[in-house]
Amino acid sequence: MALNISKKILKIDLTAKRIQRESISPDIFRKYLGGKGLNSYLLLKQVTAGMSVYDPRVPLIFSNGLLTGSSAVSSSRIHLSSLSPLTGIIGSSNAGGYFGAELAHCGYLSIFITGQAENPVYIYIHGEDVRILDAGFLWGLGTHETERRLKEELEEDKFSTAVIGPAGEHRVAFASVIFPPHDAAGRTGLGAVMGAKNLKAIAVKSKDRYIDRCSAETKTAVQGHIKEMRKSSQFTEYSNWGDSTSVRWINELGAGSVRNFNAVTFEHVDTADGMYLKDLTTKRKSCFNCPVHCRAELTINRGRHSGFTGQRPDFEPMMSLGPRIGNENALETVYLHTLCNMWGVDAIEAGSCIGFAIELYKRGLLTKKETAGKDLEWGNTGTAEAVLKQIVYRDTWLGDILARGVKEASHLIKKGAEKYAYHVKGLSITAMDPRGFKATALGYAVGSRGADFTNVYARLEFDITPDHAEKIFGTKKAADRLSEEGKPLMVKKSIIAATLLDALGLCKISYLTILNDFELSTMTELVRIILDRDVTAEELSLCGERIVTAERLFNIRRGMHYIDDMLPEKFTGEAVKDGPCKGSKVNLVQMLKEYYALMGWDDRGVPKNEKLKELEL
């Protein structure tokens, strides 16, 4: 029995206060699936080259993957897309939790929001009942308080919500959409898009209790997937700690982003790593239909935040709010990360901005007058909190400048500040120094939303044997993270797998980290038995390539050029000075040339006509 996937888009015009329902054609499903794929199609169709980021005509799209809310393991994901206030190109983010599943059980695949409300509003979805309601009583509140007040107003605590905090209201370029308490659609500033539309929240709940009526074949397959997952050491690791303990791992490999990339190892790693939080877990949490439970609620039992309850950060926020700003105390990282979620601001970008500002201050490029009297010192988390608040509320010169992201901030500060703004396409480089991971380096360069790991997910370079690498990529050196050999093909394979998961609504931790399924066999099986669709891994791979190319076309339309695929000169021109990566730097140009050729793009990164015909674009 196939899953009854809704083909309905809920179209909401906030200016006209108009609510419509439209169906998606089977051909669009075939070509783009759902989630990230559907969003790329809708953005290409809707957004023209001349539209500004906050143009009311620019849509904000929440789309489930085709398997979101199904019996598949970890089928919780929803994909958000629009123009990014941070980068000016495609804004793309993915979140788990329960919101996507609840939306699917209401019968909707996608919410397509345009316009701008005259006053703050929220969208109420209760099965077929959809309304636009006043949110004046919520404006100005943090995300957790917004959720509490909203559920109080609705007299119902079973609603799933998507909300923004003060950062979104103040149009911070990297404001997040938060799915309380612990899930965030971050990085590219889609919370600011919500704020610009005067949309404070979306509350969704299905009318009827979800009953899983999957086939016996589906149940058997899913049970087999869970059994395979439990065999993996990664399952145990993620169940106990998430990936918060990767701070120590990256330190041992000599490829961290310490003090705004001034060092690759951190002398205080023992107290900055997630293992320092091991005795603080008060509640393990999970997303819809996921056995991993990689989320956790922590209560701090020592230090200045004793008694504070927050969420355990993932690896990248652990680095960004920890070693990136010189913070040696993981307890402080938990506190700062929870503030980011409460204020609705991306923790990775926030930490990057704070580290960038500290470096400028230490180098004399910022003065006390420009920092509102603050001494910006590495590891001073009290000052980091103060700067974070300035960013969220944009109530000081420095806060307003940093709220635009490191790229724009560096242009406004001048004085040579651009040299210390480590980004690609305006998106800050995440936790891993690209000189220590060459596939990740290429992924940073070509990722559609900028310098990001999860968008490409090239983890094969540190989780594959030389013999397996030779079989798949034609060279044993592909298994060497410091070698460029085989990495273009590895990145192509990785970005297609990651994109497919975002189009199907499945979690990368479960399928790419734990099951390590870059061959797409599990995804193919799930599509076949749950959607009753006769499909091969090759056909799914083509769908993934189509979506990647569609995003490339969108970014080219927005004015992106070959030069935007470059890494900062620090990583291509300056070798690592010590540690396991000593002497390494990124030889990017040759990898780009090979990657473009593998994707069917010309030497400037523009998709060729024959490739567009092959992909039916």
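The values are calculated or read from the model by the stated rules, or taken from the named source; none is laboratory data. Predicted model, so just to flag it, every value in this text is computed and none were measured. Please note: Cβ atoms are built from the backbone with ideal geometry, for glycine as well, and neighbour counts cover all protein chains shown.
If you go through the stretch 513-527 and keep only what is touching a His at 6+ places or on another chain (Cβ under 9 Å) and within 15 Å of residue 496 (Cβ to Cβ), you end up with just 522.
One line per residue, one yes/no per condition, for (1) acidic (Asp, Glu); (2) buried (at least 22 other Cβ atoms within 10 Å of the Cβ); (3) without any contact (Cβ under 8 Å) to a residue 24 or more places away in the chain:
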{"site": "488", "(1), (2), (3)": "no, yes, no"}
{"site": "514", "(1), (2), (3)": "no, yes, no"}
{"site": "517", "(1), (2), (3)": "yes, no, yes"}
{"site": "531", "(1), (2), (3)": "no, no, no"}
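Here is a check on your reading of the model: is residue 42 touching a residue at least 12 places away in the same chain (Cβ under 8 Å) and touching a strand residue (DSSP E or B) at 6+ places or on another chain (Cβ under 9 Å)? For residue 42, the condition - touching a residue at least 12 places away in the same chain (Cβ under 8 Å) and touching a strand residue (DSSP E or B) at 6+ places or on another chain (Cβ under 9 Å) - is met. Of the residues that make up the stretch 200-208, is at least one in a strand (DSSP E or B) and under 19 Å from residue 427 (Cα atoms)? Taking every residue of the stretch 200-208 in turn, none turns out to be in a strand (DSSP E or B) and under 19 Å from residue 427 (Cα atoms). Taken residue by residue, the stretch 560-577 has no member that is on the phi > 0 side of the Ramachandran plot and surrounded by fewer than 20 Cβ atoms within 10 Å (Cβ to Cβ). Here residue 502 fulfils each of the conditions (1) surrounded by 21 or more Cβ atoms within 10 Å (Cβ to Cβ); (2) acidic (Asp, Glu); (3) touching a Ser or Thr at 6+ places or on another chain (Cβ under 7 Å) apart from (3). The residue list 67, 44 contains one member that is among the hydrophobic types (A, V, I, L, M, F, W, C), under 21 Å from residue 162 (Cβ atoms) and either over 16 Å from the mean Cα position of the chain (by Cα) or part of a loop (DSSP other than H, G, I, E, B) (or both), which is 67. Of all the numbered requirements in (1) crowded, with 24+ Cβ neighbours inside 10 Å; (2) more than 18 Å from the chain's Cα centre (by Cα), residue 474 misses one, and that requirement is (1).
Yes/no per residue for (1) surrounded by fewer than 24 Cβ atoms within 10 Å (Cβ to Cβ); (2) touching a helix residue (DSSP H, G or I) at 6+ places or on another chain (Cβ under 8 Å); (3) not assigned by TED's automatic domain parsing to the domain that holds residue 106:
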| site | (1), (2), (3) |
| --- | --- |
| 128 | yes, no, no |
| 137 | yes, yes, no |
| 140 | yes, yes, no |
| 143 | no, yes, no |
| 158 | yes, no, no |
| 177 | no, yes, no |
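Find the helices (runs of 4 or more DSSP H) located wholly in the stretch 90-191 whose residues include 1 or more that are over 28 Å from residue 73 (Cβ atoms) and touching a strand residue (DSSP E or B) at 6+ places or on another chain (Cβ under 7 Å), and list them. Where helices (runs of 4 or more DSSP H) fall fully within the stretch 90-191 and carry at least 1 residues being over 28 Å from residue 73 (Cβ atoms) and touching a strand residue (DSSP E or B) at 6+ places or on another chain (Cβ under 7 Å), they are 143-154, 166-169.
Taken over the stretch 473-524, the criterion of being under 19 Å from residue 539 (Cα atoms), of a type in the set (D, E, K, R) and not in a loop (DSSP other than H, G, I, E, B) is satisfied by 492, 493, 502. For the criterion of being touching a helix residue (DSSP H, G or I) at 6+ places or on another chain (Cβ under 7 Å), small (Gly, Ala, Ser) and farther than 19 Å from residue 340 by Cβ, residue 384 fails.
Every test in (1) touching a residue at least 24 places away in the same chain (Cβ under 8 Å); (2) assigned to a strand (DSSP E or B); (3) farther than 26 Å from residue 616 by Cβ is passed by residue 20 save one, and that test is (1).
Testing residue 251 on (1) surrounded by fewer than 22 Cβ atoms within 10 Å (Cβ to Cβ); (2) among the polar types (S, T, N, Q); (3) at pLDDT 95 or above; (4) not assigned by TED's automatic domain parsing to the domain that holds residue 142, one condition comes back false. Which one is that? Status for residue 251: all satisfied but (1). Does residue 527 satisfy being hydrophobic (A, V, I, L, M, F, W, C) and in contact with a Ser or Thr (Cβ under 6 Å, 6 or more places away or on another chain)? No: the conditions fail for residue 527. The residues on offer are 34, 50, and the sole one that is small (Gly, Ala, Ser) and either within 21 Å of the chain's Cα centre (by Cα) or crowded, with 24+ Cβ neighbours inside 10 Å (or both) is 34.
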